[in-house]
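To start, the structure under review is shown below, and the notes come after it.
The values are calculated or read from the model by the stated rules, or taken from the named source; none is laboratory data. Being a predicted model, the structure only gives us computed values, none of them experimental. Cβ placement follows ideal geometry from the backbone for every residue including glycine, while neighbour counts extend to all protein chains displayed. These area figures cover heavy atoms from the full protein model, side chains too; ligands, DNA and RNA do not enter into them. Shrake-Rupley method; radii C 1.70, N 1.55, O 1.52, S 1.80 Å.
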Amino acid sequence: MDKQRQSQRDQLFKPELHDPYLRHWHAHGDAFCPECGVSYQAGRWSWQELDDAEHAERTACPACRRIADKAPAGNLTLAGHFVKEHSDEICNLLRNTEALEKREHPLERLMTIGDDPEGLVVTTTGMHLANRLGHALEAAYKGHADYKYSDDQTLVRIRWERN
Ligand SMILES: [Zn+2]
């Protein structure tokens with residue numbers, strides 16, 4: 001990869017510039033999402049209470065908007081016999097991994113875990129969580145994972161397989 005391409009790639013990795021759900025948030029003042037309780041203060045999302053909740057804007061956060069729009073940023077397919085035989089255990093790993101991620105990064109959430117002819121399909125509100133889930137599956141159960149980003153770097157598709 002040449003230098004120019006590399007620098008374009010680095011820019012593209014700033015999701016707040018390209019993700020339609022994040023793009024305009026830097027212009028907002030303090031805000032509070034009545035759906036999930038997350039707050040936006042001084043340009044940061046957190047689970048902390050706002051200093052001045054009374055004057056904050058009440059509006060759905062980017063994660064709740066993605067959930068309402070059914071527009072995931074991460075899509076994982078978990079395929080193979082192993083997945084079908086251990087689906088409860090795998091779901092626990094996915095939920096525990098989400099809980100850890102969400103504490104630090106409130107916009108990174110699981111959207112759906114669903115059955116699929118191949119095994120399971122999982123969607124997330126953030127690419128970071130999707131990646132973390134892929135790595136957690138590999139760390140816990142080996143298998144093979146494949147990560148593919150959309151051209152505009154706003155969606156990651158992951159396929160993890162173990163037979
Ligand atoms: Zn929310």
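Which residue is least open to solvent (accessible area, probe 1.4 Å), if the candidates are limited to region 16-44 and must be without any contact (Cβ under 8 Å) to a residue 40 or more places away in the chain and assigned to a helix (DSSP H, G or I)?
Per the stated criteria, the residue is Trp25.
Could you list, in sequence order, all residues of region 22-36 that are within 14 Å of the ligand (Cβ to nearest atom) and acidic (Asp, Glu)? Full working, then the answer.
Narrowing region 22-36 to residues within 14 Å of the ligand (Cβ to nearest atom): 22, 25, 28, 31-36.
Of everything in region 22-36, just one residue is within 14 Å of the ligand (Cβ to nearest atom) and acidic (Asp, Glu), namely Glu35.
Residue under question is Thr77, and the condition is that it be in the same structural domain as Tyr149 (by TED's automatic domain parsing), open to solvent by 10 Å² or more (accessible area, probe 1.4 Å) and in contact with a helix residue (DSSP H, G or I) (Cβ under 6 Å, 6 or more places away or on another chain); does it hold?
no
Can you tell me which of (1) of a type outside the set (Phe, Trp, Tyr); (2) touching a helix residue (DSSP H, G or I) at 6+ places or on another chain (Cβ under 6 Å); (3) under 13 Å from Asn75 (Cβ atoms); (4) open to solvent by 30 Å² or more (accessible area, probe 1.4 Å) is the one Arg132 doesn't meet?
Condition not satisfied by Arg132: (3).
For the subset of region 54-69 comprising residues that are free of Cβ contacts under 8 Å to residues at least 40 places away in the same chain and within 15 Å of the ligand (Cβ to nearest atom), which member is most open to solvent (accessible area, probe 1.4 Å)?
Arg58
Report whether or not Thr97 is more than 15 Å from the ligand (Cβ to nearest atom), out of contact with any helix residue (DSSP H, G or I) (no Cβ under 7 Å at 6 or more places or on another chain) and not charged (D, E, K, R).
no
Which one of the conditions (1) under 11 Å from the mean Cα position of the chain (by Cα); (2) over 29 Å from Glu35 (Cα atoms); (3) not polar (S, T, N, Q) does Leu110 fail to meet, given that it meets all the rest?
For Leu110, the exception is condition (2).
Take the conditions under 22 Å from Asp151 (Cα atoms), of a type in the set (Ser, Thr, Tyr) and more than 16 Å from the ligand (Cβ to nearest atom) and apply them to Thr77. Does it pass?
It is true that Thr77 is under 22 Å from Asp151 (Cα atoms), of a type in the set (Ser, Thr, Tyr) and more than 16 Å from the ligand (Cβ to nearest atom).
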